[in-house]
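This report refers to the structure that appears directly beneath it.
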Amino acid sequence: MDDNTTYIARIDPNDPDPQAMALAGQMIRDGGLVAFPTETVYGLGANALDADAVAQIFAAKERPATDPLIVHIWERAELEQVAVAIPEIAYELADAFWPGPLTLILQKHPDVPPCVTAGKETVAVRLPAHPIAQILISEAGTPIAAPSANRFSLPSPTSALHVLQDLAGRVDVILNGGDTNIGVESTIVDLTTPVPILRRPGGISLEQLRQYLPSLAFKAQYLADDALATAPGTLLKHYSPAASVQVFSGPPARTLQQMRATAEKAHTSGKTVGILARDDETAAFAGLDVQVVLLGNTGEQMASQLFAGMRSLDSAEVDVILVRAPERVGIGLALYDRLLRSAEGQIIEVQGDE
Ligand code: TXA
Ligand code: MG
């Protein structure tokens, strides 16, 4: 589309309006950009087989052309349209986890334009579980390339409002299907390497994947310069709010004490402080002049609230955000990864016993 109007369509995920979905699919076929909810975060979609449409994604997000996109499909049969030499394990993982928050890296089909994969011979593919995403891809009649619908390096959007904040005037339509459920991005597994590698922890846990893929390797990799990264997107500064994030790790009670002391000190030196806290941690910050945003108590609740929490503290214009690192199990591994990146690789280790 040529003008700078962004249309927002409210779509009920439980009863998507067929006419609106058909129009959105047409928009994709016509080379436009449509933002849509998935079960993880909102995506910024374009026809994956149309290089000009895909180029608009990079422009809208201000994303470097070196960072490849995920191709979204709505039925298993579409996999063979975008990937070749698909190993048996890919189908086994698809049986277990699709539709859902798992992205597989496979050998690229020649029909996928190089700009989608940033010139790589591999392609990332996923079949999302969200009904609006599935219907959009099906109505478009083509696989949809979509990164998260945020400006590059900002926290991923978990609501249509977040998309609008970042991309107003840069996307033709936003399908507003309400808040996303999981809240962190899909898990990325590379099946093109001699040993399969977990490239990004996400909505499907490492433990779940190892039941099917015992050899799955994972080494947290955080590089300051994307040019050095073997996997693009492992660069450090990512998922960052404008405020500086300080992540604390250690025995809970001591860690909360240190966070409280840090908050007091920052406040005394004239800084505005925000805290991302579990529901049961509020007492630790009682009486302080700080903005506390609650994330819930379970890993799943925290994942669904993390990016929204960062954005709401940014809206409150805090200078610094304090947060306690979760255990690196289950979805906690993805949470830890996103927090580490938002803190540019720094974790404050708190020593001592409980
Ligand atoms: O949950 C999700 O995965 C969301 C929703 C919209 O599906 N999408 C998402 O896309 O998080 P994005 O672009 O923000 O992150 C995709 C990651 C990037 O870090 C990119 O570098 C990596 O996938 N990636 C894509 N293709 C790749 C490839 N061929 N090899 C290695 N990494 C790849
Ligand atoms: Mg992203």
Quiz prompt | Within straight-line cross-link reach of Lys265, aspartates and glutamates at Cα separation under 17 Å, skipping those fewer than 8 residues along the same chain | solution = Asp289, Asp319
Practice problem: Calculate I(q)/I(0) for the chain by the Debye formula, one identical point scatterer on each C-alpha and no solvent, and give its log10 at q = 0.09, 0.15 Å⁻¹ to two decimals. | Solution: -0.48, -1.27
Quiz item: Among bridges DSSP assigns within the range 84-222, what percent are antiparallel (round to 5)?
Solution: 60 percent
Practice problem: Could you calculate the FRET efficiency of Arg254 with Asp12 from 1/(1 + (r/R0)^6), where r is the beta carbon distance between them and R0 is 56 Å, rounded to 0.05? | Solution: 0.75
Quiz item: In whole Hz, what ³J(HN,Hα) sequence does the range 147-154 give by Karplus (6.51, -1.76, 1.60; θ = phi - 60°), x for Gly and Pro?
Solution: x, 4, 8, 10, 5, 3, 6, 7
Quiz prompt | the range 23-133 - Kirkwood radius from inverse mean 1/r over Cα pairs (Å) | solution = 14.3 Å
Quiz item: Once the other residues with Cβ under 14 Å from the Cβ of Ala20 are scored (Lys, Arg +1; Asp, Glu -1), what is the net sum?
Solution: -4
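When Lys and Arg each count +1 and Asp and Glu each count -1, what net charge do the other residues less than 12 Å away from Ile105, Cβ to Cβ, add up to?
+3
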Quiz item: Quick one: if the Förster radius is 51 Å, what FRET efficiency do Gln81 and Glu317 give, using the C-beta to C-beta distance and rounding to 0.05?
Solution: 0.65
Quiz item: What net charge do the residues around Leu333 carry, taking every other residue with its C-beta under 14 Å from that of Leu333, with Lys and Arg at +1 and Asp and Glu at -1?
Solution: +2
Quiz item: Could you give the distance between the Cα centres of the range 285-335 and the range 134-198, to the whole Å?
Solution: 21 Å
Quiz item: In vacuo Debye scattering of the range 88-151, one point per C-alpha: log10 I(q)/I(0) at q = 0.26, 0.27, 0.29, 0.30 Å⁻¹?
Solution: -1.29, -1.29, -1.29, -1.28
Practice problem: With a point put 7 Å past each Cα toward its Cβ, work out how far Thr193 is from Asp111 in nm, to one decimal. | Solution: 3.0 nm
Quiz item: Mind ordering 244-251, 130-137, 3-10, 79-86 by average Cβ neighbours within 10 Å, highest first?
Solution: 130-137, 244-251, 79-86, 3-10
Quiz item: Could the peptides 164-175, 290-301 be put in order, highest first, of the mean number of other beta-carbon atoms found within 10 Å of their residues?
Solution: 164-175, 290-301
Practice problem: Please order His72, His109 by the number of other Cβ within 10 Å, starting at the fewest. | Solution: His109, His72
Self-check item: Mean Cβ neighbour count within 10 Å, used as a protection proxy, ranking 302-314, 329-341, 53-65 highest first
Solution: 302-314, 329-341, 53-65
Quiz item: DSSP beta bridges in the chain, what fraction antiparallel, as a percent rounded to 5?
Solution: 35 percent
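Read-outs: derived from the displayed coordinates by stated rules, not from any lab. Predicted model, so just to flag it, every value in this text is computed and none were measured. With ideal geometry, Cβ positions are generated from the backbone for all residues, glycine too; neighbour counts draw on all protein chains shown.
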